[in-house]
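Comments concern the structure below.
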Amino acid sequence: MTAARSVWRFADWALTVDTSGSGPIYVQECMSCGDDSGASEEAEGPDVWCLRHTGRTGHTGFRCVVTTFFRASLVEGPR
Ligand SMILES: [Zn+2]
């Protein structure tokens, strides 16, 4: 019986932040009511939303979710 073979060459690939499209996307979520700031490519907007939300509701706990894009690419040259 012949076993199936797979060749995994992780060393030939590198994972880097993909800057070809959008930068990181920030969203702040209220830990009390689940309301969120909406997505923004800059952290400042969601941060300001938190302070306004606190002033309006008294909620003080937030969770920041950051989505960053990565891309795997072949490493050039012999190793
Ligand atoms: Zn809230």
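Can you name every residue in segment 28-79 that is surrounded by 10 or more Cβ atoms within 10 Å (Cβ to Cβ) and part of a helix (DSSP H, G or I)?
The answer is Gly45, Pro46, Asp47, Val48, Trp49, Cys50, Leu51, Arg52, His53, Thr54, Thr57.
Those residues that are among the hydroxyl-bearing types (Ser, Thr, Tyr), modelled with pLDDT of 95 or more and away from the ligand (no atom under 16 Å from the Cβ), I need them from segment 20-67; list them, please.
Within segment 20-67, Tyr26, Ser40, Thr67 qualify.
The values are calculated or read from the model by the stated rules, or taken from the named source; none is laboratory data. This one's a predicted model, so the numbers in the text were calculated from it and none came from an experiment. Note that we place each Cβ from the backbone using ideal geometry, even for glycine, and neighbour counts take in every protein chain shown.
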